[in-house]
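Just so you know, all these numbers are worked out from the coordinates, no wet-lab data involved. Keep in mind it's a predicted model, so treat the numbers as computed, not measured. Note that we place each Cβ from the backbone using ideal geometry, even for glycine, and neighbour counts take in every protein chain shown.
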Amino acid sequence: MSSSPRPCDGLLFFLVVLCVSFNGSATGTEANQSAWLSVDASQASARKIPKTMFGISFEEINHAGTGGLWAELVSNRGFEAGGESIPSNIYPWSLLGDESLLIVSTDRSSCFERNKIALRMEILCDSEGPNICPAEGVGIYNPGYWGMNIEQGKAYRVLLYVRSLASINISVSLTGSNGLETLATSNIVSDDASSWTKIEVLLEAIGSDPSSRLQLTTTRKGVIWFDQVSAMPLDTFKGHGFRNDLFQMLADLRPGFIRFPGGSFVEGVWLRNSFRWKATVGPWEERPGHFNDVWHYWTDDSLGLFEFLQLAEDLGAFPIWVFNDGISNNDQIETSKILPLVQEILDGIEFARGDPNSTWGYIRASMGHPEPYDLRYVAVGNQNCGKKNYRGNYLKFYSAIKSAYPDIKVISNCDGSSRPLDHPADFYDYHVYGDANSVFSLSHNFDHTARNGPKAFVSEYAVTGNNAGKGNLLAALAQAGLLIGLERNSDVVEMASNAPLFVNANDRRFNPDAIVFDSSQVYGTPSYWMQHFFKESNGATLFNSTLGANSAASLTASAILWKYPDDVTYYLRIKVVNFGSNMVNLKITIDNLDSNSIQANGSSQTILKSSSLMDENSFTEPNKVIPIKSPLKAAGKYMAVSLSPHSFTSFDLLTKSQTILVKEHVSIPNLSS
Ligand code: AHR
């Protein structure tokens, strides 16, 4: 990108510049800076941006999935979180009644082979006799993940496994946070539950409370065992188990891909705690779950490989599966012993896209998806390039995958941006974390990368540290600058995603994040809203543009042609980040365009800014820093616009030009014909 000033294109443009006071912005103040941007809208300058360019990176971090996107309301539903030694901690389950009324412990009597822990509840009181149970009963309750969001009129399916040598009469209730207000209740009555019995109860809520809990109570003496207690709202996205509001936040980004399930979560602090896909598929009751030792919480693995692939399909995004390559933070499998893990990954690919008659394709089909999932990309590990066994292990995975599935694109952890990789790969994974200034500067990182090697996948980028707050405007602007640089380099960078994606506000393990939620609320940080400016870039056409300024203005810009879904309407979008603290008067020229091709009516500008760089959104002010769209009456081939200090602006010019021809595209239709 050039930074030297360039003369304006003729007298006419000077007159336009002098006459147009754009959008009432301040002009002519001493602190104002001047800059110019020239866009070449010719066919020769046009280049297609990959359809996968901007996507999302989902990691099981900050309770993103467990207690987040996955709508399960019960935390530690199988009582496995306390470990395999008994008696174990059953947190966050708690007791209703003291030790004169009941004794609760765990044992290994579950009917599920891979998760043997069950809860044993001995009720000492009775409905008659010397030790009468309280009228409301005794038992256990589960507060979910910092409260269950129960909404009036909505239905919840409770599934549980129960066993008792005597007859049972158990109340299953959703109550307010202190148990006093009953929002929904039903009774399980059985004369014979002597062997493990699966019970299903449908509860319809008569009230709302975002901090509700699930209670299992009785007034009858005896011993009852419980296991795998689940409560799910019926109202999830397509019934697929994804919390609707959080799913919608993702869908609104129209991601080209979704990378999952991490991040460091893939690795584990120890290999024994890493994500192993075979433990995450099949009936939910039979999944063992595992301790997410990187981010310090238990996950029941309801969001397993099948659900991630389904999520990708529901989002219309390509799945990118990051698998453990035999390396964790602290231990590694030697390359000479890696073949069983290589086979496990080949089995996983067969699970995703194998024929329903294949061994693992059959399991997928039995879970409800006979058609293969469209898995085209896999990543070998996360941030492992420097590890002793990485290259050796990588090569084993690479050659096995390529020989079984030649079309699958394999992503290496090693950086190929500044020098060629010493191993074969289709992509290399590149992570960007830093303070705002350094992330903004990295917009030029790929300018000098060799154009003929593997493509870059910037799978994690974020502004971190104190000046990022919990996700403020400053961080969003720096990231916008980075993304503009990646867009301009989209011949060598094919995919990019922000990380982390989600944070449950009650368990902020990594800061900042794009989407903040609790049991009932959600908002996007400025960085989330910044990503909206790029969602039309996937599959769009990039034009060369040249930016110049009269001083060290902190500007960066790009120009694309994007197509409205109706296939008829096209917009020329110019995005500009003003990372500096001065107002900038920007003169824009669009070359090689018919003189009447821009229609002011229908053109718009969208701006992300705020009164302070440190401004953030919150549950109380979710829309403090969001994009604001307004008509762009001054739209034309020559425009003079003012860029607010610390702002990100998109100018969307409605175009009817038939002269803009796009490589690999048909010409744009002449709207008048
Ligand atoms: O995005 C958060 C973490 O940052 C990821 O788990 C890891 O890959 C990176 O270090």
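Note on the stretch 454-553: Cα-only Rg and Dmax are 15.3, 50 Å.
In angstrom, the C-alpha Rg and Dmax of the stretch 403-469 are 14.3, 47.
Ranked by the mean number of other Cβ atoms within 10 Å of their residues, highest first, the peptides 86-98, 260-272 come out as 260-272, 86-98. Size descriptors for the stretch 71-139, from the alpha-carbon set: Rg then Dmax equal 13.9, 43 Å. Across the stretch 426-442, coupling constants 3J(HN,Hα) worked out from phi with the 6.51/-1.76/1.60 Karplus curve, θ = phi - 60°, read 8, 9, 10, 7, 9, 10, 10, 10, x, 6, 4, 4, 6, 5, 4, 5, 5 Hz, and Gly and Pro carry x. Taken about its Cα centre, the stretch 307-427 carries a charge dipole of about 520 debye when Lys and Arg each add +1 at the Cβ and Asp and Glu each add -1 at the Cβ. Coupling constants for the stretch 405-415 follow from the phi torsions by the Karplus curve (6.51 cos²θ - 1.76 cosθ + 1.60, θ = phi - 60°), and in residue order they are 9, x, 7, 6, 8, 10, 10, 8, 7, 8, 6 Hz; glycine and proline get x.
Sorted by packing (mean other beta-carbon atoms within 10 Å per residue), highest first, where do 436-443, 504-511, 643-650 land? Mind showing how you got there, number by number?
On the way: 436-443: 20.2, 504-511: 17.4, 643-650: 22.6.
Peptide ranking by packing, descending: 643-650, 436-443, 504-511.
The string of couplings for the stretch 597-609 from the Karplus curve (6.51, -1.76, 1.60, θ = phi - 60°) is 7, 8, 9, 5, 6, x, 8, 8, 10, 10, 10, 10, 7 Hz, one whole number per residue in order, with x for Gly and Pro. Around the amide H of Val322, modelled in the peptide plane, lie the amide H atoms of Phe260, Gly262, Ala379, all under 5 Å away and 5 or more residues distant in sequence or on another chain. With contributions of -39500 (n - 2.57) from each DSSP H run of at least four residues, the per-residue ellipticity at 222 nm computed over the chain stands at -4500 deg cm²/dmol.
Translational diffusion coefficient of the stretch 94-233 (Stokes-Einstein, Kirkwood radius from Cα pairs, 4 °C, 1.567 mPa s): 85 µm²/s.
Please report Rg over Rh for the stretch 239-370, where both radii come from the alpha carbon positions and Rh follows the Kirkwood definition. Display every interim value, and only then the final one.
Values: Rg = 15.1 Å, Rh = 15.7 Å.
Value, to two decimals: 0.97.
Normalised by 2.2 N^0.38 Å, where N is the number of residues, the alpha-carbon radius of gyration of the chain equals 1.09.
Rounded to two decimals, what is Rg over Rh for the stretch 290-439 when you use alpha-carbon atoms and the Kirkwood radius? Mind dumping the intermediate values first?
Details: Rg = 16.5 Å, Rh = 16.8 Å.
Here the Rg-to-Rh quotient is 0.98.
Between amide H atoms placed 1.01 Å from N, distances below 5 Å from Ile150 occur with Asp209, Ser211, Ser212, all of them 5 or more places distant or on a separate chain. So how far, in whole Å, is the C-alpha centre of the stretch 235-290 from the one of the stretch 73-109? Comparing the Cα centres of the stretch 235-290 and the stretch 73-109, I get a distance of 25 Å. Per residue, the convex hull spanned by the alpha carbons of the stretch 400-442 comes to 84 Å³. Hey, how many Å between the Cα centroid of the stretch 156-233 and the Cα centroid of the stretch 291-367? Spelled out, the Cα-based centre of one part sits 33 Å from the other.
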